[in-house]
1. Out of curiosity, is Ala116 buried (at least 17 other Cβ atoms within 10 Å of the Cβ), under 21 Å from Ala80 (Cβ atoms), among the hydrophobic types (A, V, I, L, M, F, W, C) and out of contact with any Asp or Glu (no Cβ under 9 Å at 6 or more places or on another chain)?
2. Please enumerate the residues belonging to region 91-111 that are buried (at least 17 other Cβ atoms within 10 Å of the Cβ) and either touching a Pro at 6+ places or on another chain (Cβ under 6 Å) or of a type in the set (S, T, N, Q) (or both).
3. Kindly establish whether Leu73 is surrounded by fewer than 22 Cβ atoms within 10 Å (Cβ to Cβ) and not in a loop (DSSP other than H, G, I, E, B).
4. Taking the condition of a type in the set (D, E, K, R), surrounded by fewer than 21 Cβ atoms within 10 Å (Cβ to Cβ), farther than 30 Å from Arg247 by Cα and free of Cβ contacts under 8 Å to residues at least 24 places away in the same chain, does Arg325 pass?
5. Which residue pairs have Cβ atoms under 7 Å apart, sit 6 or more places apart or on different chains, and have a first residue in region 194-223 that is without any contact (Cβ under 8 Å) to a residue 12 or more places away in the chain and surrounded by 15 or more Cβ atoms within 10 Å (Cβ to Cβ) and a second that is of a type in the set (A, V, I, L, M, F, W, C) and not in a loop (DSSP other than H, G, I, E, B)?
6. On the basis of being in the same structural domain as Asp193 (by TED's automatic domain parsing), surrounded by 18 or more Cβ atoms within 10 Å (Cβ to Cβ) and not in a helix (DSSP H, G or I), does Leu250 make the cut?
7. Quick one: which residue in Ala316, Ala343 is of a type in the set (A, V, I, L, M, F, W, C), crowded, with 21+ Cβ neighbours inside 10 Å, modelled with pLDDT of 95 or more and not in a strand (DSSP E or B)?
8. Ala94 fails exactly one of the following numbered conditions: (1) modelled with pLDDT under 85; (2) in the same structural domain as Pro150 (by TED's automatic domain parsing). What is the number of that condition?
Amino acid sequence: MSGDVTDGKSRPATMADIAAHLGVSRQLVSLALRNAPGASEETRRRVRQAAKDLGFSPHVGAQSLRRTRSTDLGVVFTPAHSTESEIIEHIYPAAAACGYDVILSAQTATRTTDQAVEELLGHRCAGLIVIGSHLDHTGLRAVSQRSPVPVVDVGSGRRNAYYDIVRSAGDNGIDDMVAYLAGLGHRQITYVDPVAMPAAVLRRRGYGRATKRLGLPADVLTMPGEYTEGDYFDEAGSAAARLLLRRDALPTAVVAPNDHAAVGVLQILLRDGVRVPEDVSITGFDDAPIARLSSVNLTTVRQDPHLMGVAAVQAAVRRIQDQDRKPGETVVATSLVERGSTAAGR
């Protein structure tokens, strides 16, 4: 039995239905379902079994409205960016460990960060986590100023007085990658720069720092595009590869600050007969699922999604529990993952 039937139409089972089914009061059913004092263990068992038999599901929205304190964390994310889903995967258990539930709201090409935030505020969330937003500091500051709850930006900003920052050490990660390639004998290392990416400035800084320290010529391909487009990174990489193919000579290595951009470079070069890694080594950043495919096997910089997700939840909960606490910054270390897309410089 999956519910009752009234006037020929099915409807969800209610606590009143469970009470009628067992011949007890609705108040007793409520106590049993909430594990509150006043119901015996046998009654709780019978109520839980009846709820299962009748297909009863608690009304989460109604429960939330009855609470004096919200236990929901709102998370804004971009579905088109594969690394964000991995961070969210780790936000769920981290939030549960702190006694919080998670509500997701997407930002897309047709739906702004502001719209996603307003939806979550309408759900009376206790805190907001914004992942990979296209908003700059001014935009995020505006969001935090109108939000009555703490805001955490999982991205690339710096410590400020308005919202918490959780980011990877992107500059160090790119610096490490350039140094790794130089150690393989590469001297012509091109950097693909999708400028609309929120972390673009930070990761480009790592490239510039490494080339200067190692005495290598800097070669930056600035690629414009719209960050909210689902294929932005792939197309930025593809466009960069086409520019490289027009040159008299290819670089010996290409560094991309995003795995999807790196795969875009890889596909276009392979299609043109360029061997990877024999002719050109290619590297990315993130260690996204696409980088781990055996057909891609991409050398990349990993930013640990587990550490990012846990740090985001902890930052939000700290400020929820201590309203006088100042926003902070958490920097998650990166690590280099060596795979088959790199080899010694030709």
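1. Against the criterion (buried (at least 17 other Cβ atoms within 10 Å of the Cβ), under 21 Å from Ala80 (Cβ atoms), among the hydrophobic types (A, V, I, L, M, F, W, C) and out of contact with any Asp or Glu (no Cβ under 9 Å at 6 or more places or on another chain)), Ala116 qualifies.
2. Ser105, Gln107
3. Here the answer is no, as Leu73 does not meet what is asked.
4. So Arg325 passes the test.
5. none
6. Yes: the conditions hold for Leu250.
7. On inspection, the qualifying residue turns out to be Ala316.
8. (1)
The values are calculated or read from the model by the stated rules, or taken from the named source; none is laboratory data. What you see is a predicted model; the values in this text were computed from it and never measured. Note that we place each Cβ from the backbone using ideal geometry, even for glycine, and neighbour counts take in every protein chain shown.
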